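Worksheet: one structure, shown below.
The values are calculated or read from the model by the stated rules, or taken from the named source; none is laboratory data. Remember, predicted model here, so these are calculated numbers, not experimental data. For neighbour counting, all protein chains shown are included, and Cβ atoms are generated from backbone atoms with ideal geometry for every residue, glycine included. Surface accessibility is based on the protein's heavy atoms, side chains included, excluding ligands, DNA and RNA. Shrake-Rupley method; radii C 1.70, N 1.55, O 1.52, S 1.80 Å.
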Amino acid sequence: MPVYPDTAVHSQLQNVFGFDSFRDNQQELVEAILASRDVFGIMPTGGGKSLCYQLPASLLDGGCIVISPLISLMKDQVDAAVGIGLKAAYLNSTLPGSEQQEVMRRMEQGGYQLLYLSPERLALPGFMERLKRSPFSFMAVDEAHCVSEWGHDFRPDYLSLIKVREALPHLPVAAFTATATKKVQQDISSRLRLDNPFVVRASFDRPNLFYQVRPRQQVNAQIEQFVREHRGEAGIVYRLSRKDVEKTASYLVSRNISALPYHAGLDGAARLRNQEAFNRDDTQVIVATVAFGMGIDKSNVRFVVHGDLPKNMESYYQETGRAGRDNEPAHCLLLYNRGDYFRLRPFFDELRDKQEREFGLQQLRKMLSYAESTVCRRKAVLAYFDESYAKENCETCDICVHGTKKHDATVDAQKVMSAVYRTDQRFGITHIVDILVGSRNKRLLSFGHDRIKTYGIGKKEGKQHWRMIIESLLAHEKMVMDGGEYPLLKLTTAGENILFGREQFVHRVLQHPEEIVRQEVGYNPELFTELQIMRREMADAAGVPPFVVFSDRSLHEMCSLYPENDAEFLMINGVGSVKLDQYGETFMGAIKDYLAEHPEIEKKPIAAQRAPVLRREPPGGVEVSDTLTETLLLARKGLGVEAIASARGLKPTTISSHIEKLFLRQEEGIEIAQFVDSDLLALITEQFLQHGYARLKPVVDGLTGKVTYDQARIARGHLTGS
Ligand code: ADP
Ligand code: MG
Ligand code: ZN
């Protein structure tokens, strides 16, 4: 039998963290850590990596040291952990010296379940000695890709982790990262010297993200329109240059949208201020260059707009990944223009190393073909990470929602390829387009290309059209780009087949690209706005970011389930007993007022909507009752019989008979220790063995005053159900 039974782990999940169930891979990682193994968790942003080390840290005697790269995030992380009742602190240079001493003193006494450390701390003289004296059960390394020079966030300080490995060879290590590249993953594993680790590489699919790509026309007006459609929702707008960041930010401000800029040209204080304002929902939008990155732990980013084409798929994935960490729907919009490719090329052209340059350009082309492709975006993103996506239609990307239609472009393709062929396949895209539209440019004339047959043949369609056709031919490998510095267009065999009329070129185009895609919301937006304001006030008063008070997910549930009493409030995702005590009254007050003002709202019983929670099929076709479900949900949150009875307004006897049934059915997530401690259980067991299970009275009488009927009844369920 494992040291930590399933039920202990589940009840901790529900009681402390307030979650009904584990997300994919979390339980396996938690269990491996509890079994003192090294683990390596590779999960996308929002996958719930923190829980994987926080939960075992809350169960194991020694707690956990957490290595985390950003000092600016530690306070929020600790606030959030303390907010659910964990003993947590951080140790970094922002604390005054005396406090640092105090934290280290408590650390040596085993006073923390979670202690966040910046990696540079490990290199400070004497620190390792103190760490050795502290009784930690394991070390968690968050953002573990920072240890790899291959990644984009390499931190030399992370190399100090080797010292911990040497000083404390038996301390298990749990490493976590969201990086998707396998090269970096291998590097991490060897640098951290993970010893036969339990490795989980999760799917990189982010089902709650909606992917959309639109041609860029008037960028600022397009962004404005998009932001207006997302009123009250926080979002990031990425722009390529600092200048464009400033322009877009001031444009939005001039249109009365609250927006702040963020780029490396701002001084450190301004950057921090703007980031904080965004974190705390004081500004709706942050307009930023890619410098705005890892420092964002904000879970309620509802959209990410790219105003320019990113340099590669990895960046695109990481940047869009900052949306919807709370797993609620979020929208990723890419506005791009073919010209972006030519604006970005110089970044790579400047690279001296030929291999690097060609790799970079190849990655850029992949990004471009993503933007222009007509296959499901999700499929394309996952394919980039060598992951296949099984569903035909993902239902959350522009292509899948709008559909595409077939378009026969054989004649256009022949015009393009004929120009390529007649100029001996020795020219690039711009030159070929110039021929087709009949440009008078000197270089073209000097080659005599105004005399070839296709010269000027595509004047009326315009340059943009021909670039699209060429891109499509490249994407379908009818042509290839050859050569590093000035890539030339060349026909493939498939291309020749089209040119010489042996095959047709049919490509797909998006069907109704004008339509803006908006996902339906499943909650009451008016009440949401009210609760959002309330959340912000409470957060400000406590000096924490709003998402530390409640996640968007919790608020969304409050605005669709309308909890009005403790029992109902505890059924909200993310609400455990600590949150109930702290915020329950205020939020439920607002919900009650709202319901009173809106009698038209029909509230449905919450337990019924949270089903299926009960694990087992009821024996003999007995109906699964909502009342049993409701008791189970509360028991899982760690409430005792009395507490459940008073939360539900029922008699304790009723509740204890529910619980007996739940044990009989072997439901997950409840533990006998919640109701009857082990010494007492032993005594009760003896009595039952003596008198049989049919009646409770002899057991209660036999233990004169030590045990109640409720306890005996629950113990019976436990003893006979297992
Ligand atoms: P990551 O570090 O992997 O990006 P986080 O640990 O920040 O992700 O978690 C993302 C969000 O998911 C947080 O709001 C967290 O509270 C929530 N979360 C984590 N695990 C669960 C779970 N089992 N059920 C519901 N929400 C969860
Ligand atoms: Mg994280
Ligand atoms: Zn799709």
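Relative contact order for region 6-201: what is it in percent, counting Cα pairs under 8 Å that are at least 6 residues apart?
Working: 323 pairs, mean separation 57.1, N = 196.
Across region 6-201, relative contact order equals 29 percent.
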Legend entry - Relative contact order of the chain, pairs being alpha-carbon contacts under 8 Å that are 6 or more residues apart, as %: 12 percent
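Among ARG255, ARG273, what's the order by accessible area (1.4 angstrom probe), most exposed first?
ARG273, ARG255
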Legend entry - Angle in degrees between helix 410-422 and the longest Cα principal axis of the chain, rounded to the nearest 10: 60 degrees
Legend entry - Rounded to the nearest 10 Å², the accessible area of LYS592 at probe 1.4 Å: 100 Å²
Inset, instruction - Sticking with the crude label model, points 7 Å out along Cα→Cβ, report the distance from SER190 to GLN218 in nm, one decimal please. - result: 5.5 nm
Inset, instruction - Using the heavy atoms of the protein chains and a 1.4 angstrom probe, tell me the accessible area per residue for the chain in square angstrom. - result: 44 Å²
Legend entry - Net charge dipole size for region 626-721 [Lys, Arg +1 and Asp, Glu -1 on Cβ; Debye, nearest 20]: 260 debye
Inset, instruction - Positive end of the charge dipole of the chain (Lys, Arg +1 and Asp, Glu -1 on Cβ, about the Cα centre): tell me which of HIS476, ILE601, ALA635 has its Cα farthest that way. - result: HIS476
Inset, instruction - With runs of 4+ DSSP H residues as the only contributors, calculate the mean residue ellipticity of the chain at 222 nm using -39,500 (n - 2.57) per run, divided by the residue total and rounded to the nearest 500. - result: -14000 deg cm²/dmol
Legend entry - Dmax and Rg, reported as Rg then Dmax, of region 6-201 (C-alpha, Å): 15.6, 44
Inset, instruction - May I ask for the angle, rounded to the nearest 10°, between helix 577-597 and the longest principal axis of the chain, with both axes built from Cα atoms and the value confined to 0 to 90°? - result: 70 degrees
Inset, instruction - Report MET107's accessible area, 1.4 Å probe, all protein chains in place, as a number in Å² to the nearest 10. - result: 0 Å²
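Can you flag which of LYS132/LYS298; LYS391/LYS463; LYS442/LYS463; LYS366/LYS490 are past 26 Å Cα-Cα? Before the final figure, lay out the partial values.
Details: LYS132/LYS298 34 Å; LYS391/LYS463 37 Å; LYS442/LYS463 18 Å; LYS366/LYS490 18 Å.
Checking Cα-Cα distances, LYS132/LYS298; LYS391/LYS463 exceed 26 Å.
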Legend entry - Solvent exposure ordering (accessible area, 1.4 Å, most first) of SER72, SER656, SER446: SER446, SER72, SER656
Legend entry - Dipole of region 209-397, positive direction: furthest Cα of LEU351, ASN312, GLN284, with charges on the beta-carbon: LEU351
Legend entry - Percent of alpha-carbon pairs separated by more than 41 Å within the chain: 42 percent
Legend entry - Relative contact order of region 209-397, defined on C-alpha pairs under 8 angstrom at six or more residues apart (%): 26 percent
Inset, instruction - Treating the angle as unsigned and between 0 and 90°, give the value, to the nearest 10°, between the Cα long axis of helix 339-349 and the longest Cα principal axis of the chain. - result: 90 degrees
Inset, instruction - Could you state how much accessible area THR529 has, in square angstrom rounded to the nearest 10, with a 1.4 Å probe and all protein chains kept in place? - result: 70 Å²
Legend entry - Dipole in debye (nearest 20) - the chain, about Cα centre, beta carbon charges: Lys, Arg +1; Asp, Glu -1: 2600 debye
